[in-house]
Amino acid sequence: MDLDIAWVNNMDEKDKGLTIFLKEIMQEFAKEELRAFKIWKNFHFVYSERSIMSSLVPVLHSLTDGIWLEDPFSKVDINTKNCKRRIDVVTSRNKRMFFIEVKHFFDRLDKNYLYRYAQERFNKTVEQISDITLNSIGDNYLDLDNNDYKIALMVVTTFLRKRGGSYNMDALSPTSQEYANMLNNACYDENCKISTKPSYVITWKLDKPEKYEINYKNGSEIYPFVSFIVKAERLS
């Protein structure tokens, strides 16, 4: 199956294994979503991160040694009180551990609020992995080191609404690479702290998205792009 997928890699320290892993996740996620549409005439990615897990979980199972969802751990907050919380996904691949927090937001293709909104959502997602450290989770797992990663994975669903009985097809003109670059720039400008610079932006452009129109009570929509905005940090 030919898929139109492009990416931006901002990692200062290139990690070939991590790059391949994330690309494979997007490739298999796209295939899983297209299979879902054949059955349900709907996509998981048009809903929240909980629905997205319906595709992401089987994808991760197929690419890793196994996964653990909502894995609990105790952290110590600034008041030195023990706090319990859960990590969305813990998985292992090639003897490396990955701790993944998943978030989701919508981007309306014909609106211009992307930059502020993307930065707010991405920064919030990155904050969620800040407490995943060797000290906070080291007692729960064996042999953790800085070859293991914590990952903030934000799934971006880009939609276009039908207006006046038709879609603005000109809005579909960006290539997958152009759209990935745009999302990257939305999160990474002169006001963006280096700690919140995306590590990767990976964009899948659906072929003829009008084939996958979804009808709602208040109108119809198509979904020309689905993207991952990723922050990947080695455990420390």
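For segment 158-178, the set of residues classified as part of a strand (DSSP E or B) and under 17 Å from Asn215 (Cβ atoms) consists of Phe159, Leu160, Arg161, Arg163, Ser166, listed by residue number. For Met11, the criteria (1) aliphatic (A, V, I, L, M); (2) surrounded by fewer than 18 Cβ atoms within 10 Å (Cβ to Cβ); (3) part of a helix (DSSP H, G or I) hold in every case but one, which is (3).
I'm trying to understand the selection: among the residues of segment 1-48, which are of a type in the set (Ser, Thr, Tyr) and at pLDDT below 95? Spell out how you get there, then give the answer.
If we filter segment 1-48 for residues that are of a type in the set (Ser, Thr, Tyr), which is where we start, we get 19, 47-48.
Scanning segment 1-48 gives Tyr47, Ser48.
Does Thr125 count as assigned to a helix (DSSP H, G or I) and among the β-branched types (Val, Ile, Thr)? The answer is yes for Thr125.
The sole residue among Asp148, Asp143, Asp131 that is at pLDDT below 95, closer than 18 Å to Arg234 by Cβ, among the acidic types (Asp, Glu) and in contact with a Lys or Arg (Cβ under 8 Å, 6 or more places away or on another chain) is Asp131. With respect to the conditions (1) polar (S, T, N, Q); (2) modelled with pLDDT under 85; (3) outside any loop (DSSP other than H, G, I, E, B), Asn112 lacks only one, and its number is (3). When segment 186-232 is filtered for residues that are within 26 Å of Phe21 (Cα to Cα), modelled with pLDDT of 95 or more and surrounded by fewer than 17 Cβ atoms within 10 Å (Cβ to Cβ), only Asp207 remains.
Looking only at residues in segment 28-49 that are within 14 Å of the chain's Cα centre (by Cα) and hydrophobic (A, V, I, L, M, F, W, C), the one that is farthest from Leu60 (Cα to Cα) is Val46.
When Thr91, Thr125 are checked against the criterion of being within 29 Å of Lys205 (Cβ to Cβ) and at pLDDT 95 or above, a single residue qualifies: Thr91.
The values are calculated or read from the model by the stated rules, or taken from the named source; none is laboratory data. Computed from a prediction, not measured in an experiment: that's the story for all the values here. Virtual Cβ from ideal backbone geometry, glycine too; neighbours counted across all protein chains shown.
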